[in-house]
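The values are calculated or read from the model by the stated rules, or taken from the named source; none is laboratory data. All of these numbers come straight from a predicted model, not from anything done at the bench. Cβ placement follows ideal geometry from the backbone for every residue including glycine, while neighbour counts extend to all protein chains displayed. All accessible areas refer to the heavy atoms of the entire protein, side chains included, with ligands and DNA or RNA removed. Shrake-Rupley method; radii C 1.70, N 1.55, O 1.52, S 1.80 Å.
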Amino acid sequence: MSDELGTTPPATTADDIDLDPVTFEVLRNSFSYLVDRMGAQLQRTCYSFIVYIGDFSHALNDADGNTVMQGSEDIASQVGTLHLTCQSVIDHFEGDIHRGDVFLINDPYEGSTHLPDVRVVRPVFTDGDDPIAYTQSNGHWPDVGGPTPGSFNIEAAEFHGEGLRIPPVKIREKGVYRDDVINLITANMRISENRIGDIKAQVKATKVAEKRLLELVEKYGEGTVLTAFDETQNYVERIARERIAELPDGTWHTWDFLDSDPGKDEGLVRVDVEMTIDSDEVYYDLSGSDPYIKGFLNGTFATTFTGVVSGLKMAVFPDLPLNSGLYNVVNVTAPEGSVVNAPEPAAVTGGVSGVFEKIMSSSFKIWADILPERAMSPAFNLEYLLIGGKDTRSGSPEEFMWHDWLAGGWGGKNGEDGSSATAPMFGASLGVPFFEGQERNNPMRTTAHAIVTDSGGPGKWRGGCGVYKGAELTDAADTVMSYSCDRGRAVVWGLNGGLPGLPHGVRLNPGTDDEEYLGTVFSNVELEPGDTFGRPSSGGGGFGDPLERDPERVLSDVVQEYVSVERAAKDYGVVVDALDADLGTYEIDHDATAEKRDFVRTNRRRWMDTDPAAVATMYRDDEATVLDCIRQYGVVLDWKRGDVLETSTAQYRELLQDRTIPHW
């Protein structure tokens, strides 16, 4: 994959056709409809629960592979890569693409996001020998092989230890399934019969879109439809260039961190983003990022590109679809060998929880400086909890795969609190897996699901709150658990004086003598029936100085259990008295609040310079909490042992010195 991205210009049409505005709008919306039809078809016919609840994306691509239209509720981290996988298929099979062929690919070095995202690509023909378009279906499969159920293996340094890598391959040739190829692929995956079902469901979804597209060709003519392909991309590109041209030229720089490199001593891993606006184009340079890590949170070029365009879309173009028209105004430099463009064979399956999330957060920081009226602090980190083993409820053990992810808090905004218990930035339409379906399909029981008090980053505008979920393993054997997340150390941060959220991390058997903190990344932790586990998602970062938050808002937060009485005083300097906590009756002590705010304002900069070793001692002696360490002292610890992570602390304090402390 090249370090520089240049999308292929839209294909020119044989006929010089000018579309009238009505026909253009009809066809543009028809393209959107046919892509959404693919999603509806897949959701009704897939075999995988994770696909059924929405972890999929679809696209209509033109003859050169450029994206014409995406689904209206697709996953952000996927749609920005679908043109790359389509172009990879075209390149690999140049001269060997025929009517009735269907291709399959999941290769992250060829444009896919990671191995579990499996794409099916179908060429669409009319009367000629060359395709006029491609329809594409992406689904996140619950397993693609490898030593870890769910194929998220944090111990893997290379993709060979993650799962089956599939370069572009033909699974249907001139209308006939290649069962030998399909069996070779699915035999290397858990619950292989369901993988075959998912393949056929995705193939059928692309067929539905092909049928609808050919109906449009028959009604409007091939030349008109192909012209509409071009104009749909031109429409997005034209608006994007106009809006960018209205912004000031200049260069902005920021950075974020991954928690660690498993192959090195402790220390955060830098994702560095420099953005330049020059006339009507945007340039992103990530050359300052650290080398790729010996772990699976690396990004490929595709992951980095889709992180860039997803952040750009949310900040500037929320009303525009992601298609190649937008991509034509974005230029990305991501040096090969860096954590944002890890080379083959580096492990990259966790990149959507790692690099993708950090590029999105960095985008929020940059655009907050350019468009302060739309500024927003970062959201919680995408996370996946995966459990696989043998389901013994029926008496005859059967393989099962339990996938779970949490909602969480989005960042505080300039003038508004962040949203609580909201889908991840990774896919804003991705709902929380419903418990009834999980419990029916797997030997699991949900034990808790609730808003996490004090999880939202304090600020004049509070970050939205995260969520806690607990569960218990019931009738199962040979069961292991894995977790893909981040921000146990590089905790979600605030902007313009706002404070951080809380660290992510899983606890096994919480509240018992056997409680164990497992952290944010682990694989193949053995479980026994009766074991319980739980984890929170962070809230979003706070926006603005917490001491400027209206005390009445803090009181309301306490009443709603978004903020505790203790942290109302520590984080906001608001002293709240509980008149009757059971009835939710509280009142503000205004004199004590004025005194407390003066005290915090006088001392908080000094607290941020406290010796980290002294803070660690306070933590181990139960004189300081996790939130005290992060918010009051800016200190990062090994949360299991209570030891200081000196390098990580210095880097995290550098981050706070950049975006929080100067605004106090």
* Asked: If the chain between Phe434 and Asp550 were fully stretched, how many nm would it gain, using 0.36 nm times the residue separation less the Cα-Cα distance?
  -> 38.1 nm
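Express the relative contact order of the chain as a whole percentage, based on alpha carbon pairs under 8 Å and six or more residues apart in sequence. List each step's numbers first, then the result.
Numbers: 1729 pairs, mean separation 76.2, N = 664.
Averaging sequence separation for qualifying contacts and normalising by length gives 11 percent for the chain.
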* **10 Å binning of all Cα-Cα separations within region 502-546, expressed as whole percents from 0 upward** => 23, 43, 20, 11, 3
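Kirkwood Rh, region 101-229, all Cα pairs: how many Å?
This gives a value of 15.8 Å.
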* If r is the Cβ-Cβ distance from Arg243 to His663 and R0 is 35 Å, what FRET efficiency results, to the nearest 0.05? -> 0.80
* How much FRET efficiency would the formula 1/(1 + (r/R0)^6) give for Asp369 and Ala650, where r is the Cβ-Cβ distance and R0 is 25 Å, rounded to 0.05? -> 0.55
* **Dmax and Rg, reported as Rg then Dmax, of the chain (C-alpha, Å)** => 25.2, 82
* Structure fact -> Expressed per residue, the solvent accessible area of region 53-181 in Å² (1.4 Å probe) is about 28 Å²
* To do: Over region 488-597, average the accessible area per residue using a 1.4 Å probe and give it in Å², no decimals.
  => 40 Å²
* **Segment Asp643-Glu215, extension gain: residue separation times 0.36 nm, minus the distance between their alpha carbons** => 147.5 nm
* Rounded to whole Å, sorted largest first: equivalent-ellipsoid semi-axes of region 394-522, Cα gyration tensor -> 32, 16, 12
* Find the all-direction average of the projected area of the Cα convex hull for region 63-141, expressing the result in square nanometres with one decimal place. => 5.1 nm²
* Express in % the proportion of alpha carbon pairs of region 270-411 at distances exceeding 26 Å. => 34 percent
* To do: Quote the FRET efficiency, to the nearest 0.05, computed for Asn603 versus Ala450 with a Förster distance R0 of 51 Å and r equal to the Cβ-Cβ distance.
  => 0.95
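How much of the pair distance distribution for region 270-339 lies past 16 Å, counting alpha-carbon pairs only, in percent?
48 percent
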* Asked: Taking the simple approach of a point 7 Å from Cα along Cα-to-Cβ for both Asp18 and Glu193, what is their distance in nm?
  -> 6.1 nm
* Which far-off residues, 5 or more places away or on another chain, put their amide H under 5 Å from the one on Asn106, with H placed in the peptide plane? -> Arg119, Ile166
* Would you mind putting 19-29, 455-465, 368-378, 132-142 in packing order, based on average other-beta-carbon counts within 10 Å, highest first? => 455-465, 132-142, 368-378, 19-29
* Structure fact -> Rounded to whole Å², per residue accessible area for region 398-465 with a 1.4 Å probe reads 35 Å²
* To do: Would you list the P(r) distribution for region 520-664, with all Cα-Cα distances sorted into 10 Å bins from 0 and each bin expressed as a whole %?
  => 10, 32, 33, 19, 6, 0
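Round to a whole number: what % of the accessible area of the chain belongs to carbon and sulfur, probe 1.4 Å? Kindly include the intermediate steps, with their values, before the conclusion.
Working: 10860 of 23850 Å².
Reported share for carbon and sulfur atoms: 46 percent.
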* Can you quote the Å³ per residue value for the convex hull of the Cα atoms in region 98-154, rounded to an integer? => 87 Å³
* Report the label-to-label distance for Leu579 and Lys390 in nanometres (one decimal), using points 7 Å from each Cα along the Cα→Cβ vector. => 6.1 nm
* Structure fact -> Here the gain from full extension of Ala614 to Thr512, 0.36 nm per residue of separation minus their alpha-carbon distance, amounts to 33.9 nm
